[in-house]
Amino acid sequence: MCHSLPYLTTEGTQLFMSVMQLRWRTRLYLCLHILRVLRDSLLQGEGSSLEFFLLNILKAPKEMEVESSEDSLLAAEIVHILEAVYKVYGPVLSQILHPTMRTELTRGAGFPQGLWVWHGDSGVDPERFVVLYYLHGGGYCFFDGITSHLELVTRMVAELQDDLSSAGWADVKVVAFILDYTLAPQAILPTQLEEAVECYKYILSQDRYPVEAGDIVISGDSAGGALNPMFTFTSVSRATFGGVPILLQAGGSEGFLEEILHFVKMTDDVVTLEVYEDRFHIFPMLSWIIPQGKVAIKRWASFSSSALMAKPLPLGQHLAVCPAGSVKPHPELDWDTAQSG
C-alpha cells in the first residue's frame, strides 16, 4: 500500500526511520527475542496458536525487563516502532475489521485535535446520544489515540450500542471521541490533564452530537486511565463526578496491579475490580486476537449501559475472570502489598 512507503507520506517515513535508527543492541535483543518465541511455539506443538505467538512476540525482550539495567531504556525504541506501525496500519486494520466505521477529525480550542468515531449502519434517526470519551495510554510520551486506539474504540462503540439497543434504548446513538493530547517532551503534566478537561467541555458544548453529562462515558487505558480520576482535581466541579461508578479491568500479570489495588482501597464503594487471569497490560487492545479481550469489552459495555440506565451495579466487588469467560470472586488479591500512599 502506497501510504506505507517511505518518503511518500509522513507516516511511512516515520516508520522507515524508526526501524533504521534502532541501536545495534536493540536489533540484537529483538532477534534473540524472535528466536526464543519461535522456539517456544515449536515446543508447544499442537498446543501452539497464533494467539500464543502474538502474545509472546509482543512482550519486551527479557534483556529489557530489568529496570536497573541500561538495556531497559532500549524498550522505548521498540515502542516508537509500534507507534509508527499504528499510524500507518491502525486505520486500515480498523476499517477492515469494522466496515461500517466512520471517523471525522476535529480541532478545538484548548486541545490539539480529536477524532469522532461512529458506525454508519444504524438507519434510525437518534433521539439521544451517548458519547464514549476515550483517553489513550502511552505514558504521555507515545501514541496519538486516533490511530493507535482506533480499532479498540470502534469495537467499544459497537458493543455499547448493541448493549443499549438490546436493553430497549433503540433510539440512542453511541459515538466516541478520542483525544489526541500533546505528548512529552513537548508538554508535560498537567498539560495533558488540562487538555482533557477542555475537550470534555467541548463535548458538552458541541451541537453535532448534543449530549448531557450523564450520557458521557469516560474511558481510558494506562496513562489515559490515570487521567480519569484526575478530573476531580480540576476546574470541573467535583459534584459532577461524585459517586460516579468506576469499572477497573486489569490483567493478572499487570505490572501496575499494586497501584491499582491502592486506588481500589481508597474508592472501594464506587469501584468494581475485574482481574483477568494470565492477561497483561492493556490486553483489550488485542481483542481482535485475544478472546479475553472481547470478554472484557463486553463486560465493560454491560457495566456502562447499566450505569447509564441507573441499574444496580456490582460496586465494591473484586472479581476474577477466567480464560473461558467465567467470573468468580477473586480470592488472592494481596491487599497488604498495595501502596500505602
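I'd like to verify a number: residues in region 247-270 that are under 30 Å from LEU58 (Cα atoms) and at pLDDT below 95, how many?
Counting residues in region 247-270 that are under 30 Å from LEU58 (Cα atoms) and at pLDDT below 95 gives 14.
Tell me, which residue of region 15-73 that is surrounded by 12 or more Cβ atoms within 10 Å (Cβ to Cβ) and of a type in the set (Ser, Thr, Tyr) is nearest to VAL85 (Cα to Cα)?
SER18
Residue by residue, here is whether (1) closer than 26 Å to GLN161 by Cα; (2) of a type in the set (A, V, I, L, M, F, W, C); (3) touching a strand residue (DSSP E or B) at 6+ places or on another chain (Cβ under 9 Å) holds:
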position	(1), (2), (3)
HIS262	no, no, no
GLU277	no, no, yes
HIS281	yes, no, yes
LEU313	yes, yes, yes
ALA320	yes, yes, yes
GLY325	yes, no, no
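Only one of these conditions is not met by GLU127: (1) in contact with an Asp or Glu (Cβ under 6 Å, 6 or more places away or on another chain); (2) surrounded by 17 or more Cβ atoms within 10 Å (Cβ to Cβ); (3) not aliphatic (A, V, I, L, M). Which number is it?
(2) is the only condition that GLU127 fails.
Considering only residues that are of a type in the set (Gly, Ala, Ser) and in contact with a Leu (Cβ under 7 Å, 6 or more places away or on another chain), which ones fall in region 131-155?
If the condition is that a residue be of a type in the set (Gly, Ala, Ser) and in contact with a Leu (Cβ under 7 Å, 6 or more places away or on another chain), then GLY145 is the only one that fits.
Any residue at all in region 145-160 that is assigned by TED's automatic domain parsing to the domain that holds LEU227, under 18 Å from ALA296 (Cβ atoms) and either without any contact (Cβ under 8 Å) to a residue 24 or more places away in the chain or basic (Lys, Arg) (or both)?
yes
Please verify whether PHE142 is assigned to a loop (DSSP other than H, G, I, E, B) and over 18 Å from GLY293 (Cβ atoms), treating the condition exactly as stated.
Judged against the criteria, PHE142 is a match.
Check off (1) modelled with pLDDT of 90 or more; (2) surrounded by fewer than 17 Cβ atoms within 10 Å (Cβ to Cβ); (3) closer than 21 Å to HIS281 by Cα for ILE78 and give me the number that stays unchecked.
So ILE78 meets the others, but not (2).
Can you pull out every residue in region 300-330 that is of a type outside the set (Gly, Ala, Ser) and part of a loop (DSSP other than H, G, I, E, B)?
Once the filter is applied, which keeps residues that are of a type outside the set (Gly, Ala, Ser) and part of a loop (DSSP other than H, G, I, E, B), region 300-330 yields MET309, LYS311, PRO312, LEU313, PRO314, LEU315, GLN317, CYS322, PRO323, HIS330.
Which number in (1) of a type in the set (A, V, I, L, M, F, W, C); (2) in contact (Cβ under 8 Å) with a residue 60 or more places away in the chain; (3) over 20 Å from VAL175 (Cβ atoms); (4) part of a helix (DSSP H, G or I) marks the one condition that ILE297 misses?
Status for ILE297: all satisfied but (3).
Just one of THR154, THR182 is hydroxyl-bearing (Ser, Thr, Tyr) and in a helix (DSSP H, G or I); which is it?
Only one candidate passes the filter, namely THR154.
Residue under question is GLY108, and the condition is that it be small (Gly, Ala, Ser), outside the structural domain of VAL88 (by TED's automatic domain parsing), touching a residue at least 24 places away in the same chain (Cβ under 8 Å) and within 30 Å of ALA75 (Cα to Cα); does it hold?
Spelling it out, it is not the case that GLY108 is small (Gly, Ala, Ser), outside the structural domain of VAL88 (by TED's automatic domain parsing), touching a residue at least 24 places away in the same chain (Cβ under 8 Å) and within 30 Å of ALA75 (Cα to Cα).
If you take the residues in region 94-115 that are surrounded by fewer than 16 Cβ atoms within 10 Å (Cβ to Cβ) and among the hydrophobic types (A, V, I, L, M, F, W, C), which one is farthest from the chain's Cα centre (by Cα)?
Looking at the filtered set, the residue picked out is ALA109.
Taking region 21-78 only, how many residues are more than 23 Å from the chain's Cα centre (by Cα), part of a helix (DSSP H, G or I) and charged (D, E, K, R)?
10
With region 213-284 as the region, which helices (runs of 4 or more DSSP H) entirely inside it contain at least 3 residues that are buried (at least 19 other Cβ atoms within 10 Å of the Cβ)?
Fully inside region 213-284 and qualifying: 223-230, 257-266.
Between GLY137, GLY168, which is part of a loop (DSSP other than H, G, I, E, B) and either over 25 Å from GLU11 (Cα atoms) or in the same structural domain as PRO284 (by TED's automatic domain parsing) (or both)?
GLY168
State the number of residues belonging to region 204-230 that are touching a Phe, Trp or Tyr at 6+ places or on another chain (Cβ under 6 Å) and hydrophobic (A, V, I, L, M, F, W, C).
Counting residues in region 204-230 that are touching a Phe, Trp or Tyr at 6+ places or on another chain (Cβ under 6 Å) and hydrophobic (A, V, I, L, M, F, W, C) gives 4.
Can you work out which of the residues in region 15-55 that are over 19 Å from ASP71 (Cα atoms) and either touching a His at 6+ places or on another chain (Cβ under 7 Å) or aromatic (Phe, Trp, Tyr) (or both) is modelled with the lowest pLDDT?
Within region 15-55, the match that is modelled with the lowest pLDDT is PHE52.
The values are calculated or read from the model by the stated rules, or taken from the named source; none is laboratory data. For clarity, every value in this text was computed on a predicted model and none was experimentally measured. Cβ coordinates were reconstructed from backbone atoms using ideal geometry, including for glycine residues, and neighbour counts include every protein chain displayed.
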